[in-house]
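Quick notes on the structure that follows.
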2 protein chains.
Amino acid sequence: MVPISTTPEFSREEVGLALRNPGMQLEGLRYPVTPIGMHYLLIHFDIPRVDPATYELPVTGRVRNPLKLTLEDIRARPKVTMPVMMECGGNGRAHLSPRPISAPWYDEAVGCAEWTGTSLRPILEDAGLLDDAVEILFTGHDRGLDQGVFHDYERSLTVESALRDEVFLAYEMNGVPLPPQHGSPLRLVVPDWYGMASVKWLKEIRAIEEPFEGVQQVLTYNYRQSADDPGTPVTRKYPHALMVPPGIPDFLSRRRHVEAGRITIEGRAWSGFGPVERVEFSADGGGTWYDADLGDAVGPYGWTSWGSEWDARPGEYELCARATDASGKTQPVDGKEAWNQGGYGINVVQRVPVQVG
Amino acid sequence: MVPISTTPEFSREEVGLALRNPGMQLEGLRYPVTPIGMHYLLIHFDIPRVDPATYELPVTGRVRNPLKLTLEDIRARPKVTMPVMMECGGNGRAHLSPRPISAPWYDEAVGCAEWTGTSLRPILEDAGLLDDAVEILFTGHDRGLDQGVFHDYERSLTVESALRDEVFLAYEMNGVPLPPQHGSPLRLVVPDWYGMASVKWLKEIRAIEEPFEGVQQVLTYNYRQSADDPGTPVTRKYPHALMVPPGIPDFLSRRRHVEAGRITIEGRAWSGFGPVERVEFSADGGGTWYDADLGDAVGPYGWTSWGSEWDARPGEYELCARATDASGKTQPVDGKEAWNQGGYGINVVQRVPVQVG
């Protein structure tokens with residue numbers, strides 16, 4: 001369970017998490033592929049130091065042929081390169097009131113890197129899943145205490161989910177070996193899900209015969225309306241549009257100042273439930289919405305660019321953006337609609353206060 | 001002036017600054033050269049997008065031969081590669097009470113990258129400083145509002161400071177072109193000063209005939225005891241030692257859990273006032289200090305490794321580290337000794353609460 005705060009101020013613990021788990025500066029939405037060091041990070045415990053030269057990944061458990069793969073073995077397999085829009089399951093949490101106490105994200109726990117690696121399915125096929133395997137468990141080299149339990153960070157996927165074509169193991173980010181903070185030397189990437197599924201610093205892949213009930217599977221990362229609600233698992237990313245805040249900022253408040261005139265508001269949008277079909281822009285806090293122009297998606301699991309002309313006249317505005325995907329899902333305009341105990345999947349519309357002139 | 005908070009809780013604005021200005025995860029002290037994406041960032045306004053292909057740097061003002069240098073011109077000049085330990089002038093601010101409201105750093109606004117570029121002095125010699133030039137003004141492409149004034153981020157150095165051998169213009173970080181967030185395509189590096197002097201995204205270098213009195217020179221980045229104190233400028237880094245927090249963390253509180261037994265506490269130390277001559281370690285909150293072993297410095301402007309054996313027995317501890325440099329300067333054990341209005345240069349000793357066993 002995640003503790004809840006009823007005050008608008010933040011605790012020392014929340015600030016500590018923010019300082020070591022950066023968001024993407026939203027001007028980074030300008031780049032189709034997010035530069036390393038601008039992509040968000042959520043590191044549950046410490047960044048482990050794993051030597052790529054001696055690295056071995058066991059693929060074990062309910063398999064016919066247990067494997068032990070070196071990084072060289074993995075790099076020798078067929079190569080997949082894919083831009084993937086990644087978003088933390090807790091993005092938007094800080095908009096909530098009362099507020100679950102964890103990484104205090106507003107809108108910035110996002111990034112779209114180009115990951116290179118190899119598909120998971122052929123590895124599982126080489127290992128030969130036994131008929132009684134129901135889930136694949138991915139364990140990281142990162143270890144710590146959460147929810148009162150010492151554990152390695154680990155999460156499972158059902159066999160069906162794990163065998164999907166688009167699930168892969170990545171050893172490069174933006175064309176260079178994975179940096180330590182993004183999972184060096186090898187991580188899982190589950191492109192359409194929130195980031196918690198993409199286990200970093202892989203230590204083991206294990207086929208298991210019972211559903212995994214570890215801390216990060218059943219205690220955190222579930223949508224719960226109350227503490228005794230068993231909840232439903234956090235999986236795919238809800239639709240979400242963000243804009244590059246226009247104009248220039250005030251250092252402390254980040255309030256934007258824009259010169260009067262016709263400008264283009266630009267941004268990116270994504271969904272784990274299907275292609276983005278519509279992005280709307282509002283300059284009056286969501287009172288009136290206009291359809292934005294959609295650009296290209298950065299691959300099937302990247303984000304989609306959008307733009308909207310805005311005739312900025314002197315005054316005060318609240319700019320908003322809203323995405324709708326092919327499944328018909330869209331974004332709530334108010335955090336109350338999205339509230340849940342852990343503060344997960346909060347895709348409430350972005351609000352950018354702007355002064356023009 | 002920086003506003004002051006008398007409450008231990010943090011404001012939305014402080015959290016917003018923390019989310020876009022990451023610190024180095026302290027386990028990053030393990031690396032002699034900090035990986036890109038783990039190095040701290042302090043971005044006053046937005047990250048500007050500057051095209052390296054069309055980039056031009058004017059060197060102008062009180063010079064005989066104004067220059068306009070392309071990135072190609074700058075890359076063709078003699079190459080300097082130097083590891084530089086960089087620290088934000090506001091590091092440690094969040095330890096203060098009352099607390100100046102700005103980027104709420106505890107200990108993590110640090111990093112030591114290997115920068116590559118070219119010396120500034122020969123460029124100023126080619127431009128030919130006129131006799132009435134007293135300062136060199138460095139202007140960035142980043143612009144915003146701070147202290148009630150719209151301005152480009154800009155800072156000056158006296159001619160004497162600017163002509164020092166170790167001051168250089170950098171176009172690479174850790175062997176790759178500067179990432180956008182670290183000043184692409186060109187930044188200044190002033191190795192022994194706090195980070196505010198190392199102006200990013202250079203737009204212009206101008207020799208001026210009067211001391212610069214802009215916002216970031218006289219309103220911020222000065223040591224002041226009260227609001228009407230004219231203050232003294234923030235310049236060189238005070239001595240500072242940090243350790244890799246041992247053991248494993250609690251997710252939220254970051255409290256450390258260590259297994260009983262003999263372990264090595266390791267870290268790095270630095271000073272802008274001269275080589276580190278001594279690092280001390282304490283396991284009882286600064287009651288008793290032991291000399292740590294000093295390792296090598298990562299070049300003359302990098303940091304120095306240190307280590308101390310610790311026989312961790314079951315119980316509760318507060319681990320501390322303290323550096324002393326060749327000038328005799330050391331670190332205060334209490335934030336009260338270091339307090340100033342802006343929360344600058346707060347090199348109070350690190351405290352790491354640890355539970356053993």
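Only the coordinates and a few stated rules stand behind these numbers; no lab work does. What you see is a predicted model, and the numbers here were worked out from it, not measured in a lab. All Cβ positions, glycine included, derive from the backbone under ideal geometry; neighbour counts span all protein chains shown.
Working only with C-alpha atoms, what are the Rg and Dmax values of chain B, expressed in angstrom?
20.8, 70
Can you classify region A:310-351 as rounded, prolate or oblate using the Cα gyration tensor, where a ≥ b ≥ c are the square roots of its eigenvalues, rounded means a/c under 1.5, and otherwise it's prolate if a/b beats b/c and oblate if not?
Taking the square roots of the gyration eigenvalues as a ≥ b ≥ c, region A:310-351 is oblate.
Suppose you put the label 7 Å out from Cα in the Cβ direction; list, shortest first and in nm with one decimal, how far B:Pro332 is from each other copy's label.
Once sorted, the set of distances for B:Pro332 reads 4.6 nm.
With an 8 Å Cα cut-off and a minimum separation of 6 or more residues, compute the relative contact order for chain A in percent.
19
Across the residues of B:246-258, average count of Cβ atoms on other protein chains within 10 Å?
The mean count of partner-chain Cβ atoms within 10 Å per residue comes to 6.
For n ≥ 4 DSSP H runs only, could you compute -39500 (n - 2.57) per run for chain A, divide by its residues and tell me the 222 nm figure to the nearest 500?
The per-residue figure over chain A is -2000 deg cm²/dmol.
When each copy gets a label point 7 Å from Cα toward the beta-carbon at B:Ile4, what are the spacings between them in nm, shortest first?
3.7
Work out Dmax and Rg for the protein assembly as shown from the C-alpha atoms and quote the Rg first, both in angstrom.
Calculated on Cα positions, Rg and Dmax stand at 25.5, 85 Å.
Which lysines, on any chain, are close to B:Lys237 with Cα under 23 Å apart, when same-chain ones fewer than 8 places away are left out?
B:Lys200, B:Lys329, B:Lys336
In whole angstrom, how far apart do the alpha carbon centroids of region B:8-83 and region A:272-287 sit?
Using only Cα atoms, the two centres lie 34 Å from each other.
With the label 7 angstrom out along Cα to Cβ, how close does B:Gly175 come to the same site in each of the other copies, in nm, nearest first?
Label-point distances to the other copies, shortest first: 1.6 nm.
Please report the relative contact order for region A:48-90, taking Cα pairs under 8 Å with a sequence separation of at least 6, and give it as a percent rounded to a whole number.
27
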